[in-house]
Amino acid sequence: MKKFFIKTFGCQMNVNDSEKIAGILAENGYVKTDSIEEADVIVVNTCSVRAKPDNKAFSFIGELKKIKKKKTEAVVVVTGCVPQKDADYIVNKYPYVDILMGTFNFFKVSEFLEKAIKGEKVKEIVNHYFEDEGKIIPSISPYLNNPYIGYVTIQRGCNRFCTYCIVPYVRGRERSVPPEEILKEVQGLAARGVKEIHLLGQNVDFYKYDKYTLSDILYMVAEVDGIERIRFTTSHPAGFDYSIVKAIKEIPKVCEYVHLPPQSGSNRILEKMNRGYTREEYLEKIDMLKTEVPDIAISGDFIVGFPGETEKDFEETVSLIESVKYDQAFVFEYSPRPLTKAFKFKDDVSKEEKNRRLRIINEILKKQALKKNEKLKGEDVEILVEGISSNNPDKLTGRTRTNKIAIIDRDDSLIGKLITVEIDEVTPFYLIGKIKQPAGV
């Protein structure tokens, strides 16, 4: 029995791509294993959005030399954003890699695997998307990491060209999946028992296919029987509009959660980043969200130490965070990325200062999250029970509609079900509750 192992770095879209690759391998008779030593095929799906995941991927690929030495017939596959920009480096540095494929052609893994098994080295990096990509990829049945949660990529690529971001160079231009293909994929997942759909895109709110926009897709997916929850990510503030807010407000299945990354609170830095909106415009959209959907949970991303960021610029970011009051957010120290415009900027904020700014923001966010979560004490919330907690086998874990992690006592009959939980304890990062009853009963 042939086995495969997949290691995924990066965003939910990479997770979705890995599930598609795993689905192809499963169709070809391979069985998934959690033991890399047992694997006949080892797939590394890489991320290059920042230096840290880039370096983690290279470190992981380096460790595979030992595995390959013990099991010479094992096929090592490297895909994702890193080979899209560094294929030649990987070929020279890691000669034991058998297959190199990028972000545009990962769905050809079966074809490449046939060649590698015969002893051929495969390096297939293309810098364009395939015209029929919007039909091919949705038609691949994914190997679901969680049988109740399905990722559906509806938009790929980016036309924004933020000066710090490598995505347009490794993921290509924006293109949207035909609505009928999205619907077929969601229906297929529902038939398999999936309860929650995550609609994905590099900039999901820039989805555009003929007359269809993201809000149209939300209404359409909500009509699919069996799907009980819908989420979407990642939104770009420049593309986020009232039609999306209206859909969140009107469609019961759409969860009250939006990830809307500002990156900075300084207009000077936003302009230097080429983000396409001002601080004031961002805050207007936040106000619109909170007014129309009072229970909305908002998360964001921030970059500290962008070239030229002064203390005043940083303080403006802090004041934006204090104004919005995020439920959660992710903060990153700026790291120069090759190919981008900002790569030529002087990286003039010291590592120590970047780290100081990151710690300050994280402390504010932690306090905000705790304060918001404390309001849930004694409240009943709906969660989708996702499975056994990775930290405690005696507990189950799930998520609220507002994307907060909730921990409950273990009862395996509840996995995959929507239930009502009364929140007893809270931390900044998760909730602890007791089971009341299945939601709606």
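The values are calculated or read from the model by the stated rules, or taken from the named source; none is laboratory data. Values in this document were obtained by computation on a predicted structure and should not be read as measured data. Ideal geometry is used to build each Cβ from the backbone, glycine not excepted, and the neighbour counts take in all protein chains shown.
Here is how the numbers come out for the structure above:
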read-out	value
Some residue of region 17-31 being surrounded by 22 or more Cβ atoms within 10 Å (Cβ to Cβ), assigned to a loop (DSSP other than H, G, I, E, B) and of a type outside the set (Lys, Arg)	no
Residue selected from region 45-100 under the condition surrounded by fewer than 20 Cβ atoms within 10 Å (Cβ to Cβ) and among the polar types (S, T, N, Q), by the criterion farthest from Lys20 (Cα to Cα)	Asn92
Any hit, region 250-265, residues being closer than 17 Å to Asn16 by Cα, part of a strand (DSSP E or B) and either touching a Pro at 6+ places or on another chain (Cβ under 6 Å) or among the aliphatic types (A, V, I, L, M) (or both)	no
Pairs where the first residue, in region 362-384, is closer than 16 Å to Tyr326 by Cβ and the second is surrounded by fewer than 15 Cβ atoms within 10 Å (Cβ to Cβ), C-beta under 8 Å, 6+ apart	Ile364/Glu322; Ala369/Phe429; Leu370/Thr427; Asn373/Thr427
Hits in region 84-126 - residues which are among the polar types (S, T, N, Q) and either touching a helix residue (DSSP H, G or I) at 6+ places or on another chain (Cβ under 6 Å) or under 25 Å from Met13 (Cβ atoms) (or both)	Gln84, Thr103, Asn105, Ser110
Of all residues making up region 321-354, the number that are assigned to a loop (DSSP other than H, G, I, E, B), farther than 17 Å from Glu311 by Cα and polar (S, T, N, Q)	2
Boolean, Val177 is more than 28 Å from Asp86 (Cα to Cα) and touching a helix residue (DSSP H, G or I) at 6+ places or on another chain (Cβ under 9 Å)	no
Output for region 409-440, where each listed residue is hydrophobic (A, V, I, L, M, F, W, C), touching a Lys or Arg at 6+ places or on another chain (Cβ under 9 Å) and under 27 Å from Ile251 (Cβ atoms)	Leu418, Ile419, Val421, Ile423, Leu431, Ala439
Members of region 135-187 that are touching a residue at least 60 places away in the same chain (Cβ under 8 Å) and of a type in the set (Ser, Thr, Tyr)	Ser141, Tyr143, Tyr148, Tyr151, Thr153, Thr163, Tyr164, Tyr169
Long-range neighbours under 8 Å by Cβ, at least six apart or interchain, first residue under 24 Å from Asn373 (Cβ atoms) within region 270-299, second among the acidic types (Asp, Glu) and buried (at least 19 other Cβ atoms within 10 Å of the Cβ)	Ala297/Asp327; Ile298/Asp327; Ser299/Asp327
Matching residues, region 323-341, being within 13 Å of Leu260 (Cβ to Cβ) and of a type in the set (Ser, Thr, Tyr)	Tyr326
Matching residues in region 355-389 - criterion: being over 16 Å from Ile423 (Cβ atoms), acidic (Asp, Glu) and part of a strand (DSSP E or B)	Glu386
Residues satisfying the stated conditions in region 281-340, i.e. of a type in the set (Phe, Trp, Tyr) and either surrounded by 15 or more Cβ atoms within 10 Å (Cβ to Cβ) or at positive phi (or both)	Tyr282, Phe302, Phe306, Phe314, Tyr326, Phe332, Tyr334
Matching entry among Tyr151, Tyr169, Tyr164, Tyr143 (being closer than 19 Å to Asn45 by Cα, at pLDDT 95 or above, assigned to a loop (DSSP other than H, G, I, E, B) and hydroxyl-bearing (Ser, Thr, Tyr))	Tyr143
Index of the failed condition, Lys7 passing every other in (1) part of a strand (DSSP E or B); (2) free of Cβ contacts under 8 Å to residues at least 40 places away in the same chain; (3) not acidic (Asp, Glu)	(2)
Region 183-234: number of residues that are of a type in the set (Asp, Glu) and part of a loop (DSSP other than H, G, I, E, B)	4
